[in-house]
Amino acid sequence: MGRAVPSSRVLRPASALAGGLALVLAGCGPSSYQYNWNILVDSVIRPDGQILSGIWLTLSISIVSQIIGIVLGVFGALGKMSRIAPIRWIANVYIWFFRGTPLLVQITFIFFGLGVTRIYQWPPINLLGVSIPGSIQAGIFALGLNEGAYMSEIVRAGILSIDPGQLEAAKSLGMTYGKAMRRIILPQAARVIVPPLGNEFNNMLKTTSLLVIISVPELYVTFSRKNASGPTVFHPFELFLAAAVWYLVLTTIWGVIQAYIERRLAKGVAGTPATGGVSLRERLFGGRRPEGAPQGSGGR
Amino acid sequence: MVKVGDDLLAAIGGLPAATSPLVVEAEGIHKWFGRQHALKGVSLTVRRQEVVVVIGPSGSGKTTFIRCVNHLEKIEEGRIKVNGHLIGYQEVDGRLKEDREKNIALQRREIGMVFQRFNLFPHKTALENVTEAPIQVRGIREDEAKALGMAILARVGLAHRADAYPVQLSGGQQQRVAIARALAMKPALMLFDEPTSALDPEMIGEVLEVMKELAREGMTMIVVSHEMGFAREVADRMVMMDDGRILEEGTPEHFFENPQQERTQAFLSKIL
């Protein structure tokens with residue numbers, strides 16, 4: 001680029017945009033909205049039982065759905081790579097369907113569609129003394145199935161990233177395909193899978209809010225209800241800002257956990273000390289090679 | 001130079017017993033890769049304790065051949081027996097049908113393989129690489145497997161690197177771990193697929209030392225390699241492959257002093 005851009009070329013469109021915005025805002029007229037900052041502060045600093053249970057529900061639904069998604073993803077990936085054609089077809093149709101239709105449609109179809117036709121009416125289930133309503137079950141089922149389709153592709157990419165020589169070495173030692181996958185390939189693929197998996201779970205934490213459509217009282221629904229009735233009625237600005245803060249808290253905590261997991265999985269990787277993980281500094285400025293490590297030649 | 005224990009096989013309880021005097025019987029092997037006819041009727045017999053070195057230009061089918069011996073490659077025609085058992089196939093009404101995966105895995109326990117690019121498991125330490133199959137495949141106890149692993153690693157001169165990950169090892173060290181890993185399964189036959197050709201020159205010696213020791217102690221081996229010093233020293237027989245066929249077979253003396261085929265002479269003159 002080098003050359004400086006004449007300031008007018010930048011400024012002119014910018015000021016035009018600002019002017020336009022000002023006009024629009026002016027057109028809306030002065031707002032009569034009464035801010036009540038206490039609602040925001042209280043919701044974040046002193047969350048009531050309703051909010052806490054919403055957070056808990058969002059978190060638990062996300063975790064269970066993600067675990068289902070990972071399991072389905074492993075099977076979906078292996079199915080898609082199977083030597084047996086019918087297994088490949090099933091996996092392909094599954095992935096095709098759940099990636100090709102909106103999650104919202106899947107949720108409503110699974111809960112209302114299956115329910116009203118009495119194919120499955122989602123009765124509450126008692127699990128360790130806790131009654132789990134049908135809507136939550138249906139929500140987890142839909143989120144898990146949907147996630148499994150995406151995880152299938154992620155897991156498959158992870159498996160394909162591993163040198164075929166690894167599978168050959170495992171086989172030559174007398175391992176079956178299944179054992180080689182479990183002991184040799186998947187643990188290595190995990191390192192490749194975890195970063196996109198982190199993305200998926202981050203998404204999952206937020207996507208649970210779609211369960212509003214079947215009235216699962218998770219985090220979003222909690223704030224939505226507070227906005228609809230009770231002492232905080234019609235304070236969408238403060239309430240949904242608070243909801244955003246809580247989602248941020250969840251996703252941020254997950255980010256920290258993810259970084260920790262990635263460090264744990266990095267063992268045996270070039271530039272990584274055997275015992276510890278990759279420090280931030282090494283990540284940013286490149287790792288040092290352990291002494292006696294091969295330079296360039298030789299493979300893994 | 002790395003010191004190799006002169007009782008290498010003692011670590012695995014001595015030379016594994018063979019059930020047949022003929023360890024490998026390959027008969028009329030044909031292999032196609034799509035339209036490419038990679039093996040055109042290869043037959044080879046390897047007796048117990050024999051060391052056979054296979055040479056030949058690249059693309060001659062030598063690597064493909066030894067990969068067929070432990071069924072890493074399917075064959076289209078012919079049959080291969082190891083220790084008297086048909087490998088990878090079962091005979092049903094006079095026709096060969098691919099065996100069940102479980103049986104193939106069972107058969108492979110008896111056949112150790114060392115790869116050109118080592119193929120160590122990068123997420124496991126040197127010791128874990130060696131103990132993985134004994135624990136997971138043979139089902140022996142972890143402490144027993146560790147003792148076995150350490151005994152073998154010590155004899156290939158790597159006891160002090162047992163806890164190192166492959167990436168922390170030199171190429172020569174990695175290949176020695178790979179040999180130890182294969183030996184830990186107490187195989188009756190060892191296959192070596194160009195074990196030194198991915199190594200820096202100064203590391204080739206340490207790997208050849210281990211292989212020579214194995215040969216001296218009576219391990220049955222098929223070695224695809226162009227290390228002529230190794231062949232001269234320990235090979236009982238050499239095999240020259242070209243264009244998917246065995247072109248010439250004989251003792252090292254025969255090959256180095258009086259090769260019959262023009263193609264063999266030309267090839268040897270290039271690599272010697």
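The values are calculated or read from the model by the stated rules, or taken from the named source; none is laboratory data. It should be emphasised that the depicted structure is a prediction, and the values quoted were computed from it without experimental measurement. Cβ atoms come from the backbone with ideal geometry, glycine included; neighbour counts cover every protein chain shown. Keep in mind that these areas ignore ligands, DNA and RNA; they rest on the heavy atoms of the full protein, side chains included. Shrake-Rupley method; radii C 1.70, N 1.55, O 1.52, S 1.80 Å.
Of note:
- Filter pass, B:ALA164 being surrounded by fewer than 24 Cβ atoms within 10 Å (Cβ to Cβ), in contact with a Lys or Arg (Cβ under 7 Å, 6 or more places away or on another chain) and not polar (S, T, N, Q): no
- Looking across the range B:201-232, the residues that are farther than 13 Å from B:PHE255 by Cα and of a type in the set (D, E, K, R) come down to B:GLU202, B:GLU206, B:GLU209, B:LYS212, B:GLU213, B:ARG216, B:GLU217, B:GLU227.
- All positions within the range B:103-118 that are over 19 Å from B:PHE65 (Cα atoms) and either facing another protein chain (nearest Cβ under 8 Å) or touching a His at 6+ places or on another chain (Cβ under 6 Å) (or both): B:LEU106
- So A:SER229, is it surrounded by fewer than 17 Cβ atoms within 10 Å (Cβ to Cβ), at pLDDT 70 or above and away from every other protein chain (no Cβ under 14 Å): yes
- Residue selected from the range A:149-171 under the condition within 14 Å of another protein chain (Cβ to nearest Cβ) and open to solvent by 50 Å² or more (accessible area, probe 1.4 Å), by the criterion farthest from A:ASN92 (Cα to Cα): A:LYS171
- Some residue of the range B:215-226 being of a type in the set (Asp, Glu), part of a loop (DSSP other than H, G, I, E, B) and either open to solvent by 30 Å² or more (accessible area, probe 1.4 Å) or in contact with a helix residue (DSSP H, G or I) (Cβ under 9 Å, 6 or more places away or on another chain) (or both): yes
- The numbered conditions (1) among the polar types (S, T, N, Q); (2) modelled with pLDDT of 95 or more; (3) open to solvent by 40 Å² or more (accessible area, probe 1.4 Å) are all true for B:THR19 except (2).
- Scanning the range B:136-155 for residues that are over 13 Å from A:ALA170 (Cα atoms), open to solvent by 20 Å² or more (accessible area, probe 1.4 Å) and either β-branched (Val, Ile, Thr) or within 7 Å of another protein chain (Cβ to nearest Cβ) (or both) yields a single hit, B:ILE140.
- Taking the range B:89-158 as the region of interest, the strands (runs of 3 or more DSSP E) fully inside it that hold 2 or more residues being at pLDDT 95 or above and not hydroxyl-bearing (Ser, Thr, Tyr) are B:111-114.
- Failed item in (1) of a type outside the set (Ser, Thr, Tyr); (2) within 16 Å of the chain's Cα centre (by Cα); (3) buried (at least 18 other Cβ atoms within 10 Å of the Cβ), with A:GLN188 passing the rest: (2)
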